[in-house]
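Student: Shown below is the structure under consideration.
The values are calculated or read from the model by the stated rules, or taken from the named source; none is laboratory data. Small disclaimer: the values here were computed from a predicted structure and weren't measured. Every residue, glycine as well, gets a Cβ built from its backbone with ideal geometry; the counts of neighbours run over all protein chains shown.
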Amino acid sequence: MKKFDYDLNYKELDLRKQPELYTVGRGEQGVLMVEPYKSEILPHWRFKTPEIATESSQKIYDLFLEYKEQGDFVGMDMARKFLQMGYTRARRYTNHKGGRKYSKEDGSILPYQNDEVKAEAAAIFKAQWEIAKSDSDYVQMKKEHRENYEQADE
């Protein structure tokens, strides 16, 4: 699997026009870099409460489906990454008040908490993320993208 290329000038690139430059990478890599998708999806990404998470994750999933209809794998993958990030960030806030895991003073792990509101928001995003990442068209397009554009790093 090819690593995400952090050296590309994502501020200047339009990966809708140049999908061959996109690398899936691992997890959420590049989620806040790849344009025009970041600008299209980020305004909808929220997880403060379960109600907000429901609305947000549904809007992002709707974008996923729009990208799918357009045959835009990069857009689908970016929407999938935002759904995944909704889950992981909400989980971080579930476990650590303020979202900070490590102490500023000494780098030690801060005490865990269990914020049930954030846990519910995380579960909402996780459910949408699971649907997106297992979508049969997405899985096939991901395979084809990797075969066509991503050569393994040496």
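Student: How many of the residues making up segment 80-111 are of a type in the set (D, E, K, R), in contact with a Lys or Arg (Cβ under 8 Å, 6 or more places away or on another chain) and assigned to a loop (DSSP other than H, G, I, E, B)?
Tutor: Final tally of qualifying residues: 1.
Student: Looking only at segment 1-33, which residues are among the hydrophobic types (A, V, I, L, M, F, W, C) and under 16 Å from Ala132 (Cβ atoms)?
Tutor: Our first condition is that a residue be among the hydrophobic types (A, V, I, L, M, F, W, C); within segment 1-33, this holds for 1, 4, 8, 13, 15, 21, 24, 31-33.
Correct list: Val24, Val31.
Student: Counting only residues that are among the hydrophobic types (A, V, I, L, M, F, W, C), under 21 Å from Lys142 (Cα atoms) and touching a residue at least 12 places away in the same chain (Cβ under 8 Å), how many does segment 43-69 have? Spell out how you get there, then give the answer.
Tutor: Residues of segment 43-69 that are among the hydrophobic types (A, V, I, L, M, F, W, C), as a first pass: 45, 47, 52-53, 60, 63-65.
The next check asks that each one be under 21 Å from Lys142 (Cα atoms); those that pass are 60, 63-65.
From what is left, the residues that are touching a residue at least 12 places away in the same chain (Cβ under 8 Å) are 60, 63-64.
Of the residues in that region, 3 qualify.
Student: For segment 125-154, what are the residues that are touching a helix residue (DSSP H, G or I) at 6+ places or on another chain (Cβ under 8 Å), within 30 Å of Pro50 (Cα to Cα) and polar (S, T, N, Q)?
Tutor: Gln128
Student: Now for a separate question. Assuming Gly25 fulfils every condition listed in (1) part of a loop (DSSP other than H, G, I, E, B); (2) touching a Phe, Trp or Tyr at 6+ places or on another chain (Cβ under 7 Å); (3) farther than 26 Å from Lys2 by Cβ apart from one, which condition is it?
Tutor: (3)
Student: Among the residues of segment 31-55, which ones are surrounded by 13 or more Cβ atoms within 10 Å (Cβ to Cβ) and over 17 Å from Tyr87 (Cβ atoms)?
Tutor: Of everything in segment 31-55, those that are surrounded by 13 or more Cβ atoms within 10 Å (Cβ to Cβ) and over 17 Å from Tyr87 (Cβ atoms) turn out to be Met33, Val34, Glu35, Pro36, Tyr37, Lys38, Glu40.
Student: Give the residue that is surrounded by the most Cβ atoms within 10 Å (Cβ to Cβ), with candidates limited to residues of segment 60-102 that are more than 19 Å from Lys48 (Cα to Cα) and among the aromatic types (Phe, Trp, Tyr).
Tutor: Phe64
Student: While we're looking at this one, here's another question. Would you point out the residue of segment 113-154, among those that are loosely packed, with under 13 Cβ neighbours inside 10 Å, of a type in the set (Asp, Glu) and not in a helix (DSSP H, G or I), that is modelled with the highest pLDDT?
Tutor: Filtering first and then ranking leaves Asp153.
Student: Residues in segment 16-66 that are of a type in the set (Lys, Arg) and in contact with a Leu (Cβ under 8 Å, 6 or more places away or on another chain): how many?
Tutor: 1
Student: Conditions first: (1) loosely packed, with under 13 Cβ neighbours inside 10 Å; (2) touching a helix residue (DSSP H, G or I) at 6+ places or on another chain (Cβ under 8 Å); (3) assigned to a loop (DSSP other than H, G, I, E, B); (4) on the phi < 0 side of the Ramachandran plot. Leu15 passes all but one, so which condition is the exception?
Tutor: The failed condition is (1).
Student: So if I check each of Tyr61, Tyr112, Tyr87, Tyr67, which one is over 12 Å from the mean Cα position of the chain (by Cα) and closer than 30 Å to His145 by Cβ? Working first, answer last.
Tutor: Details: Tyr61 fails: over 12 Å from the mean Cα position of the chain (by Cα); Tyr112 fails: closer than 30 Å to His145 by Cβ; Tyr87 fails: over 12 Å from the mean Cα position of the chain (by Cα).
Just a single option satisfies the conditions, and that option is Tyr67.
Student: Okay, moving on. Got a number for residues in segment 30-79 being within 29 Å of Asp115 (Cα to Cα), β-branched (Val, Ile, Thr) and either part of a helix (DSSP H, G or I) or at pLDDT below 95 (or both)?
Tutor: Final tally of qualifying residues: 4.
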